[in-house]
1. For segment A:73-114, what are Rg and Dmax over the alpha carbons, in angstrom?
2. Assigning unit charges at the beta carbon (Lys, Arg +1; Asp, Glu -1) and nothing else, what dipole magnitude in debye, to the nearest 20, does segment A:47-114 show about its Cα centre?
3. Identify all lysines with a Cα-Cα distance to B:Lys45 below 19 Å; exclude those on the same chain that are fewer than 8 residues away in sequence.
4. Kirkwood-based Rg over Rh for segment B:43-113 (C-alpha set), two decimals?
5. Between B:Tyr70 and B:Trp112, what length in nm is gained on full extension when 0.36 nm per residue of separation is reduced by their alpha carbon distance?
6. Taking the Cα-to-Cβ direction at A:Asn51 and at B:Asn55 and moving 7 Å from each Cα, how far apart do the two end points lie in nm?
7. At 0.36 nm per residue, and after removing the present C-alpha to C-alpha distance, how many nm does the segment from B:Asn12 to B:Ser81 gain when stretched out fully?
8. Quote the convex hull volume per residue of the protein assembly as shown, based on C-alpha atoms, as a whole number of Å³.
Amino acid sequence: EPEVTQTPSHQVTQMGQEVILRCVPISNHLYFYWYRQILGQKVEFLVSFYNNEISEKSEIFDDQFSVERPDGSNFTLKIRSTKLEDSAMYFCASRLDRLYNEQFFGPGTRLTVL
Amino acid sequence: RKEVEQDPGPFNVPEGATVAFNCTYSNSASQSFFWYRQDCRKEPKLLMSVYSSGNEDGRFTAQLNRASQYISLLIRDSKLSDSATYLCVVMADRGSTLGRLYFGRGTQLTVWP
């Protein structure tokens, strides 16, 4: 069964460093999302991406964040200058098309900012 | 403003018990409704979509009341493997909001032998 994959599974970084989280969505899916979950809190939407551009972003997704689909398979989330409060689990999700509501989630990347 | 609110839990029930979770949502423009399950430190996984007419999948029954903006999940004959956090999730899918999901904080269920 096709699945969303994410790398790395765990990333430890120093405050102020840049990190790139990688995702490979399911191959024929058209909509892509990033969510995050701070430990003990709810899953929160960051950004949605369709047709090679951002379709919506939340208030969390400030200028420090960017997304890219560089090669037609990978979907990346970059945090330019990490803060302690960026420590969280980051989930990538993909969705087939607008007719299908299910979003398939990857296993997540645990980001720890020291 | 909390988009999705759930029973705080936790629920601790014996095997074989029936347990019900409730959820309310604030945005009347919400289009689609789901229950996801999340195991500890894992990704959310879709348990079932929720339809206006109510729907059942084996031991799981979901109900939606659009007028009250209320969603429920009933688990019958609980199994040990049902132990997880159950997330009430709402999708807004109008105009520019292409499928953004709003999650509740989740209700933790522990089924004991």
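1. Final numbers for Rg and Dmax: 13.3, 42 Å.
2. Details: 8 positive and 11 negative charges, 37 e Å.
Computed about the Cα centre, the dipole is about 180 debye.
3. Excluding near neighbours in sequence, the set is A:Lys42, B:Lys79.
4. On the way: Rg = 13.6 Å, Rh = 13.6 Å.
Rg/Rh for segment B:43-113 comes to 1.00.
5. On the way: separation 42, 0.36 × 42 = 15.12 nm, distance 2.83 nm.
Here the answer is 12.3 nm.
6. It is 2.8 nm.
7. On the way: separation 69, 0.36 × 69 = 24.84 nm, distance 1.31 nm.
Stretched out fully, the B:Asn12 to B:Ser81 stretch lengthens by 23.5 nm.
8. Numbers: hull volume 29.6 nm³, N = 227.
Given the Cα convex hull of the protein assembly as shown, per-residue volume reads 131 Å³.
No value in this document is a laboratory result; all are computed from the given coordinates. Note that this is a predicted model, so its numbers are computed, not measured. Ideal geometry is used to build each Cβ from the backbone, glycine not excepted, and the neighbour counts take in all protein chains shown.
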